[in-house]
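**Student:** Following this message is one structure expressed as structure tokens.
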Amino acid sequence: MKKFITLMENYISRYPNEKKAALVLQFLKKGGDLFSNTNKEGHFTGSAWIINPQKNKVLLTHHKKLNKWIQLGGHADGEKNLLSVALREAREESGIKHFTVVNNQIFDVDIHPVLNAKRQKSHLHYDIRFLFKANPKNEKIITSKESFDVAWVPIEKISELNPEKSLTR
């Protein structure tokens, strides 16, 4: 937990005007069961921003439940190392096995509501995002059962697929 707090503090020092980051740190310092989706207030998720070697494309998924294009990622399921969570989710959702961690620091954070999920009441996802690199020429991507599609998207086309600030910034 100390390492995660340090990662968040480092992120805040790099992006002091990002208001959501302070809220994430506040939630983290509350303690409790923050890494399980049984937490009724909210919980942490881990996401992967995946770039190609030329840094001109990102790997996105057209998520079935949300019906929108987003980065790959998901629930921590009790795991407190969100970098590991992001890597696990990237592998499961894309079929790609070989990723390079570009940086062990947090790449981005977001807080977004999940409204009236089937088995849960409305709650918040505190999404912690890490940056990875993969080579589209080395491995074929798959589309998991959670997605309509998974594709390498040119960076300049991201806002056409999903104009949300959390994705386009």
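**Student:** Answer yes or no: is there a residue in segment 136-152 that is β-branched (Val, Ile, Thr), touching a helix residue (DSSP H, G or I) at 6+ places or on another chain (Cβ under 9 Å) and under 25 Å from GLU18 (Cβ atoms). So that I can check it myself, show each step before the final result.
**Tutor:** We begin by selecting, within segment 136-152, every residue β-branched (Val, Ile, Thr); these are 141-143, 150.
Cutting the leftovers down to touching a helix residue (DSSP H, G or I) at 6+ places or on another chain (Cβ under 9 Å) gives us 141-143, 150.
Subset that is under 25 Å from GLU18 (Cβ atoms): none.
So far as segment 136-152 goes, no, none of its residues is β-branched (Val, Ile, Thr), touching a helix residue (DSSP H, G or I) at 6+ places or on another chain (Cβ under 9 Å) and under 25 Å from GLU18 (Cβ atoms).
**Student:** When residues of segment 1-28 are filtered for being among the β-branched types (Val, Ile, Thr) and open to solvent by 100 Å² or more (accessible area, probe 1.4 Å), how many remain? Step through it out loud before you land on a result.
**Tutor:** Start the filter on segment 1-28 by keeping residues that are among the β-branched types (Val, Ile, Thr), which leaves 5-6, 12, 24.
Applying the additional criterion that residues be open to solvent by 100 Å² or more (accessible area, probe 1.4 Å) yields none.
So the answer is 0.
**Student:** Please verify whether GLY78 is open to solvent by less than 70 Å² (accessible area, probe 1.4 Å), of a type in the set (Gly, Ala, Ser) and in a strand (DSSP E or B), treating the condition exactly as stated. Can you show your working first?
**Tutor:** Numbers: open to solvent by less than 70 Å² (accessible area, probe 1.4 Å): yes; of a type in the set (Gly, Ala, Ser): yes; in a strand (DSSP E or B): no.
It is false that GLY78 is open to solvent by less than 70 Å² (accessible area, probe 1.4 Å), of a type in the set (Gly, Ala, Ser) and in a strand (DSSP E or B).
**Student:** While we're looking at this one, here's another question. Can you find a residue in segment 130-140 that is farther than 24 Å from ASN56 by Cβ, open to solvent by 60 Å² or more (accessible area, probe 1.4 Å) and outside any strand (DSSP E or B)? Give the derivation first.
**Tutor:** Narrowing segment 130-140 to residues farther than 24 Å from ASN56 by Cβ: none.
No, every residue in segment 130-140 fails to be farther than 24 Å from ASN56 by Cβ, open to solvent by 60 Å² or more (accessible area, probe 1.4 Å) and outside any strand (DSSP E or B).
**Student:** Please work out if GLU160 is of a type in the set (D, E, K, R) and over 23 Å from LYS40 (Cα atoms).
**Tutor:** Values: of a type in the set (D, E, K, R): yes; over 23 Å from LYS40 (Cα atoms): yes.
Yes, satisfied.
**Student:** Related question: Residues in segment 1-57 that are modelled with pLDDT of 95 or more, among the charged types (D, E, K, R) and not in a helix (DSSP H, G or I): how many?
**Tutor:** The total comes to 2.
**Student:** Name the single residue that is most open to solvent (accessible area, probe 1.4 Å) among those in segment 81-116 being acidic (Asp, Glu) and out of contact with any Leu (no Cβ under 6 Å at 6 or more places or on another chain).
**Tutor:** So in segment 81-116, the residues acidic (Asp, Glu) come out as 89, 92-93, 108, 110.
Then drop every residue that is not out of contact with any Leu (no Cβ under 6 Å at 6 or more places or on another chain), which leaves 92, 108, 110.
Numbers: GLU92: 99, ASP108: 14, ASP110: 6 Å².
By that ranking, first place goes to GLU92.
**Student:** Since LYS145 meets every condition but one in (1) assigned to a loop (DSSP other than H, G, I, E, B); (2) of a type outside the set (Asp, Glu); (3) surrounded by 11 or more Cβ atoms within 10 Å (Cβ to Cβ), which condition does it not meet?
**Tutor:** Just one mismatch for LYS145, condition (3).
**Student:** Are any of the residues in segment 35-50 loosely packed, with under 14 Cβ neighbours inside 10 Å, over 17 Å from TYR126 (Cα atoms) and either basic (Lys, Arg) or touching a residue at least 60 places away in the same chain (Cβ under 8 Å) (or both)? Even if it seems obvious, please write down each step before you answer.
**Tutor:** Filtering segment 35-50 down to residues loosely packed, with under 14 Cβ neighbours inside 10 Å leaves 38, 40-41.
Narrowing the set further to residues that are over 17 Å from TYR126 (Cα atoms) leaves none.
No, segment 35-50 contains no residue that is loosely packed, with under 14 Cβ neighbours inside 10 Å, over 17 Å from TYR126 (Cα atoms) and either basic (Lys, Arg) or touching a residue at least 60 places away in the same chain (Cβ under 8 Å) (or both).
**Student:** Also: Of the numbered conditions (1) assigned to a strand (DSSP E or B); (2) open to solvent by less than 20 Å² (accessible area, probe 1.4 Å), HIS62 satisfies every one except a single condition; which is it?
**Tutor:** Unmet condition: (2).
**Student:** Next up: With (1) within 21 Å of ILE12 (Cβ to Cβ); (2) in a strand (DSSP E or B); (3) touching a helix residue (DSSP H, G or I) at 6+ places or on another chain (Cβ under 9 Å) as the list, and HIS125 as the residue in question, which single condition is left unmet?
**Tutor:** Of (1) within 21 Å of ILE12 (Cβ to Cβ); (2) in a strand (DSSP E or B); (3) touching a helix residue (DSSP H, G or I) at 6+ places or on another chain (Cβ under 9 Å), only one is false for HIS125: (3).
**Student:** Mind listing just one residue for me: the one in segment 110-148 that is within 17 Å of the chain's Cα centre (by Cα) and among the charged types (D, E, K, R) and, of those, nearest to LYS64 (Cα to Cα)?
**Tutor:** GLU146
The values are calculated or read from the model by the stated rules, or taken from the named source; none is laboratory data. Remember, predicted model here, so these are calculated numbers, not experimental data. Ideal geometry is used to build each Cβ from the backbone, glycine not excepted, and the neighbour counts take in all protein chains shown. Keep in mind that these areas ignore ligands, DNA and RNA; they rest on the heavy atoms of the full protein, side chains included. Shrake-Rupley method; radii C 1.70, N 1.55, O 1.52, S 1.80 Å.
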